[in-house]
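Engineer: Structure in structure tokens, see below.
The values are calculated or read from the model by the stated rules, or taken from the named source; none is laboratory data. Bear in mind that the values here come from a model prediction, so they are computed numbers and not experimental data. Neighbour counts are summed over all protein chains in view; Cβ atoms, including those assigned to glycine, are modelled from backbone coordinates with ideal geometry. Heads up: the accessible areas ignore ligands, DNA and RNA and are worked out on the full protein's heavy atoms, side chains in. Shrake-Rupley method; radii C 1.70, N 1.55, O 1.52, S 1.80 Å.
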Amino acid sequence: GSNLPPMVGKALPHSYELFHIYEQTPGYAPILIVASIDEQPVAKLLAVVRRSVRLFPPSLIKRCEVYGAGEYFCDETDKEMLFSQMLEHLTREALQEAFLIEFRNLPSGLFGYKYFKQNNYFCINWLRIHNSLHSLSPEERLDPSHRKKIQKAIRRGVYIQPSEQQEEINKFLQILKRNYSYKIRKHFPDLTLFQSLIQQSKERELAKVFLVKYKGKIIGGSFCMFSNNNAYLCFSGGLRKTYAWLHPNLMAIWAAIQYAYEQGYQHFEFADTGLPVKRSGYRRFILNFGGKQT
């Protein structure tokens with residue numbers, strides 16, 4: 001990280017801040033591809049190889065993940081050409097460590113399609129659900145059933161707040177870790193990743209934790225990241241069985257959406273929505289916040 005070339009940029013998924021955070025996180029190894037023209041950096045693509053340890057074979061899995069198609073500082077016409085070069089280099093480098101390279105949240109389904117094909121990538125349809133925050137308020141988009149549950153929870157004494165206290169954040173992260181330990185497909189990072197993102201937020205807002213409390217006890221919360229005027233819900237959860245009547249997960253997501261709206265973010269996106277299966281309780285649940293799916 002100390003040898004990175006000087007370069008500006010606003011996109012968090014390809015930022016130097018995130019590169020340094022990946023370096024500090026156990027089980028994570030960042031790869032940054034920088035494209036230059038006449039020794040002037042004009043594009044960058046950040047990927048991370050993450051290690052997962054499982055109880056069943058194969059017990060150790062390494063996979064490479066990339067969010068988006070990079071960040072560019074050049075004319076629109078040069079983007080795909082630069083991307084093709086960076087993709088070729090990344091594929092060669094990452095496959096020395098990982099068995100799989102996955103790109104998510106591409107700007108469009110056709111961006112770089114022929115270059116992906118040339119490098120032996122294949123497509124899987126994946127859902128993205130996002131809420132617009134710039135034309136109507138979140139309350140106006142909210143489904144009536146969700147609105148009633150939120151109002152009932154507030155009347156019963158539930159309150160939500162952003163948190164910067166490390167002790168409270170650690171307690172919430174332990175709740176999240178327990179929730180995600182039962183989900184085979186879901187990956188939950190080392191707590192260092194969350195802590196580093198929150199600490200870096202003092203310079204510019206990268207991430208925030210929202211807590212749901214009842215009688216002074218943390219019963220749920222959510223973790224959001226911010227990039228390019230958009231907010232991304234990465235993780236949410238809570239004590240859904242013990243406090244089911246207080247809807248902690250619903251309140252945690254609502255806290256994040258409200259905060260993003262109040263701070264002037266343009267869109268709120270649910271990260272890792274899943275495959276477009278016909279019946280999905282989680283998808284129906286988050287669509288009731290008034291978002292659209294693509």
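Engineer: Collect the residues in the range 1-21 that are assigned to a loop (DSSP other than H, G, I, E, B) and open to solvent by less than 50 Å² (accessible area, probe 1.4 Å), keeping them in residue-number order. Don't jump to the end; show me each part of the working.
Structural biologist: So the first thing to find is which residues in the range 1-21 are assigned to a loop (DSSP other than H, G, I, E, B), and the list is 1-11, 15.
Once the filter is applied, which keeps residues that are assigned to a loop (DSSP other than H, G, I, E, B) and open to solvent by less than 50 Å² (accessible area, probe 1.4 Å), the range 1-21 yields GLY1, LEU4, PRO5, MET7, GLY9, ALA11, SER15.
Engineer: Being over 27 Å from HIS20 (Cα atoms) and free of Cβ contacts under 8 Å to residues at least 12 places away in the same chain, is that true of even one residue in the range 197-220?
Structural biologist: Yes; the residues of the range 197-220 include at least one that is over 27 Å from HIS20 (Cα atoms) and free of Cβ contacts under 8 Å to residues at least 12 places away in the same chain.
Engineer: Hey, which of the strands (runs of 3 or more DSSP E) in the range 163-272, taking only ones fully inside, have at least 2 residues that are of a type in the set (S, T, N, Q)? Before the answer, list the steps.
Structural biologist: Working: elements: 207-214, 217-227, 230-238, 267-270.
In the range 163-272, the matching strands (runs of 3 or more DSSP E) lie at 217-227, 230-238.
Engineer: Can you tell me which residues in the range 120-145 are open to solvent by less than 40 Å² (accessible area, probe 1.4 Å) and either part of a loop (DSSP other than H, G, I, E, B) or not hydrophobic (A, V, I, L, M, F, W, C) (or both)?
Structural biologist: Start the filter on the range 120-145 by keeping residues that are open to solvent by less than 40 Å² (accessible area, probe 1.4 Å), which leaves 127, 129, 131-133, 137-138, 142.
The answer is LEU127, ASN131, SER132, LEU133, SER137, PRO138, LEU142.
Engineer: Related question: Looking at (1) closer than 23 Å to LEU142 by Cα; (2) among the polar types (S, T, N, Q); (3) in contact (Cβ under 8 Å) with a residue 40 or more places away in the chain, which is the one condition that is false for ASN229?
Structural biologist: (3)
Engineer: Which of the residues spanning the range 196-253 are of a type in the set (Ser, Thr, Tyr), over 11 Å from VAL158 (Cα atoms) and touching a helix residue (DSSP H, G or I) at 6+ places or on another chain (Cβ under 7 Å)?
Structural biologist: Within the range 196-253, SER196, SER222, SER227, SER236 qualify.
Engineer: Continuing with this model, one more query. Considering the range 30-45 alone, what residues qualify as being assigned to a strand (DSSP E or B) and free of Cβ contacts under 8 Å to residues at least 60 places away in the same chain?
Structural biologist: Within the range 30-45, PRO30, LEU32, VAL34, ALA35, SER36, ILE37, GLN40, PRO41, VAL42, ALA43, LYS44, LEU45 qualify.
Engineer: Which of the residues spanning the range 276-293 are within 17 Å of PRO248 (Cα to Cα) and either open to solvent by less than 20 Å² (accessible area, probe 1.4 Å) or assigned to a strand (DSSP E or B) (or both)?
Structural biologist: Passing the criteria: ILE286, PHE289.
Engineer: Taking only the range 23-54 into account, find how many residues are surrounded by fewer than 18 Cβ atoms within 10 Å (Cβ to Cβ), closer than 22 Å to LEU197 by Cβ and of a type in the set (Gly, Ala, Ser).
Structural biologist: Going through the range 23-54 one residue at a time, the tally reaches 3.
Engineer: Right, here's the next one. Scan the range 263-275 and give yes if some residue there is out of contact with any helix residue (DSSP H, G or I) (no Cβ under 9 Å at 6 or more places or on another chain), exposed (fewer than 15 other Cβ atoms within 10 Å of the Cβ) and among the acidic types (Asp, Glu), otherwise no.
Structural biologist: So far as the range 263-275 goes, no, none of its residues is out of contact with any helix residue (DSSP H, G or I) (no Cβ under 9 Å at 6 or more places or on another chain), exposed (fewer than 15 other Cβ atoms within 10 Å of the Cβ) and among the acidic types (Asp, Glu).
Each row is one residue, and each column tells you yes or no for (1) of a type in the set (Ser, Thr, Tyr); (2) modelled with pLDDT of 90 or more; (3) touching an Asp or Glu at 6+ places or on another chain (Cβ under 8 Å); (4) open to solvent by 30 Å² or more (accessible area, probe 1.4 Å).
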site: ARG156; (1), (2), (3), (4): no, yes, no, yes
site: LYS177; (1), (2), (3), (4): no, no, no, yes
site: HIS187; (1), (2), (3), (4): no, no, no, yes
site: GLN195; (1), (2), (3), (4): no, no, no, yes
site: SER227; (1), (2), (3), (4): yes, yes, no, no
site: ARG240; (1), (2), (3), (4): no, no, no, yes
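Engineer: Among ARG141, ARG155, ARG92, which is the only one that is out of contact with any Leu (no Cβ under 7 Å at 6 or more places or on another chain) and closer than 26 Å to LYS215 by Cβ?
Structural biologist: Residue meeting the stated conditions: ARG155.
Engineer: When residues of the range 89-119 are filtered for being in a loop (DSSP other than H, G, I, E, B) and surrounded by fewer than 13 Cβ atoms within 10 Å (Cβ to Cβ), how many remain? Give the steps one after another, and end with the answer.
Structural biologist: Kept after step one, since they are in a loop (DSSP other than H, G, I, E, B), are these residues of the range 89-119: 95-99, 105-112, 119.
Applying the additional criterion that residues be surrounded by fewer than 13 Cβ atoms within 10 Å (Cβ to Cβ) yields 96, 99, 107-110.
Final tally of qualifying residues: 6.
Engineer: Whether any residue in the range 90-102 is more than 21 Å from LEU18 (Cβ to Cβ), in contact with a strand residue (DSSP E or B) (Cβ under 6 Å, 6 or more places away or on another chain) and not small (Gly, Ala, Ser) is what I want to check. Spell out the reasoning first.
Structural biologist: First, pick out the residues of the range 90-102 that are more than 21 Å from LEU18 (Cβ to Cβ): 92, 95-96, 99.
Still in the running and in contact with a strand residue (DSSP E or B) (Cβ under 6 Å, 6 or more places away or on another chain): none.
Within the range 90-102, none of the residues are more than 21 Å from LEU18 (Cβ to Cβ), in contact with a strand residue (DSSP E or B) (Cβ under 6 Å, 6 or more places away or on another chain) and not small (Gly, Ala, Ser).
Engineer: Another one. Out of (1) over 19 Å from ASP190 (Cβ atoms); (2) surrounded by 15 or more Cβ atoms within 10 Å (Cβ to Cβ); (3) out of contact with any helix residue (DSSP H, G or I) (no Cβ under 6 Å at 6 or more places or on another chain), the odd one out for TYR72 is which?
Structural biologist: Failing condition for TYR72: (3).
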